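The values are calculated or read from the model by the stated rules, or taken from the named source; none is laboratory data. No experiment lies behind these values; they were computed from the predicted model shown. Please note: Cβ atoms are built from the backbone with ideal geometry, for glycine as well, and neighbour counts cover all protein chains shown.
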Amino acid sequence: MTKDLKSNLSEKEGVSQPETTSKSSAQKIKLSRRKQTSPETFIEKILEGDITFLSRAITLIESTNAKHQEKANTILNACIPYANKSIRIGITGVPGVGKSTFIEAFGKYLTGLGKKVAVLAVDPSSSVNKGSILGDKTRMEELVTDKNAFIRPSPSGTSLGGVAQKTKESTLLCEAAGFDTIIVETVGVGQSETAVHAMVDFFLLLKLSGAGDELQGIKRGIIEMADAIVINKADGDNVKNAKIAKVEFNRALHLYPPKENGWQPKVMVASALNNTGIENIHAMINEYIKSTKESGSFEKRRNNQNKHWLFTTINNQLKKRFYDQPKIEELLKLELEKIENGKTTPFYAANNLLNTTNNS
């Protein structure tokens, strides 16, 4: 018996499906998305220690959107009276020195003492696509799950030396949220160390031993900024080399003039991998904080840093306003063409552009 193929393949009317979301519900969702969280809510939640709102506020601070910046400034100004109560520690070192491992070991030690630790880790951004690696959270697997720790990787972008331009403001928000220890990690390249030094109370330089790093490490600028040098990875067969490096760095430090605050930088050895030397480093930092607070240099350093960031912000804003002018954008193209064709010099072109803004 031949089957009726047409009847088998014919389309049958299916059961009508209800709408997954009613029109009224869809409208409510649209309205809720449009409705922005008020600055007052941000402030209230940050002061309560809400990590989600802290992260969102830092995102606003890092944004280049004018509305976001206005909102961020409102939040920041309201949080300032509750900030400035932490100890700020800058940590730098060349890539491969073990910064992330050290920060995790140090951070876990601090949270074990009941401290609340915020790590502002500035990741290198790609110069090609402006993307950021943001790998610190994956490298600090234990610390990232600690309820008393907060890790915020921020893309360094085009700011000086790879330091995120808004790290200073992010520090204040973290302090308002109740974090009593702020660790700022640099990318370890360029001039980022200078910028981080201008926002922390204690500046720690991590070095390696047995890698030809001892003599290369004696770079006047970095050594002068360091309040302590830690020879990391002092474990296994490298223990002997670490002790030799400690002696060499101690000799080098004595060649430099004493610091204004009277502190003599220390050289210590540690193994972040084996958690050795961490306790001694913490004790040394406490000694430094106590000494500088008693002498008044702690407060003086912070005041000088605030002045530094005032001028830095003014310079950044002036630069941004200059390049944001449509007239400058067009004139800049013309001046660049003249330079390429050998019809003008960079200095004359610059003066021409600046005079244009002064006369407008």
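Quick look at the numbers
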read-out: Candidate set from region 88-100 (those that are crowded, with 17+ Cβ neighbours inside 10 Å and of a type outside the set (A, V, I, L, M, F, W, C)); member that is nearest to L47 (Cα to Cα); value: R88
read-out: Number of positions in region 225-242 that are touching a Gly at 6+ places or on another chain (Cβ under 6 Å), buried (at least 21 other Cβ atoms within 10 Å of the Cβ) and assigned to a helix (DSSP H, G or I); value: 0
read-out: Every pair of residues 6+ apart whose Cβ atoms lie under 8 Å, when the first sits in region 297-319 and is surrounded by 11 or more Cβ atoms within 10 Å (Cβ to Cβ) while the second is in a helix (DSSP H, G or I) and modelled with pLDDT of 95 or more; value: F298/I289; F298/T292; E299/K293; R301/T292
read-out: Filtered residue count, region 99-126, keeping only those that are assigned to a loop (DSSP other than H, G, I, E, B) and either polar (S, T, N, Q) or within 17 Å of the chain's Cα centre (by Cα) (or both); value: 2
read-out: Matching helices (runs of 4 or more DSSP H) fully within region 18-87 where at least 1 residues are modelled with pLDDT of 85 or more and loosely packed, with under 11 Cβ neighbours inside 10 Å; value: 51-62, 66-79
read-out: Pick from region 189-224, criterion over 28 Å from N303 (Cβ atoms) and among the small types (G, A, S), ranking: modelled with the highest pLDDT; value: S209
read-out: Pair list, Cβ < 8 Å and 6+ apart or interchain, from region 83-102 residues that are within 26 Å of R301 (Cα to Cα) and in contact (Cβ under 8 Å) with a residue 24 or more places away in the chain to residues that are assigned to a loop (DSSP other than H, G, I, E, B) and charged (D, E, K, R); value: K85/D180; S86/D180; I87/D180; I87/D201; R88/D201; I89/D201
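Residue-wise test of (1) farther than 26 Å from T167 by Cβ; (2) surrounded by 14 or more Cβ atoms within 10 Å (Cβ to Cβ).
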{"residue": "K266", "(1), (2)": "no, yes"}
{"residue": "A270", "(1), (2)": "no, yes"}
{"residue": "I281", "(1), (2)": "no, yes"}
{"residue": "Y288", "(1), (2)": "no, yes"}
{"residue": "I328", "(1), (2)": "yes, yes"}
{"residue": "L332", "(1), (2)": "yes, yes"}
{"residue": "F347", "(1), (2)": "yes, no"}
{"residue": "A350", "(1), (2)": "yes, no"}
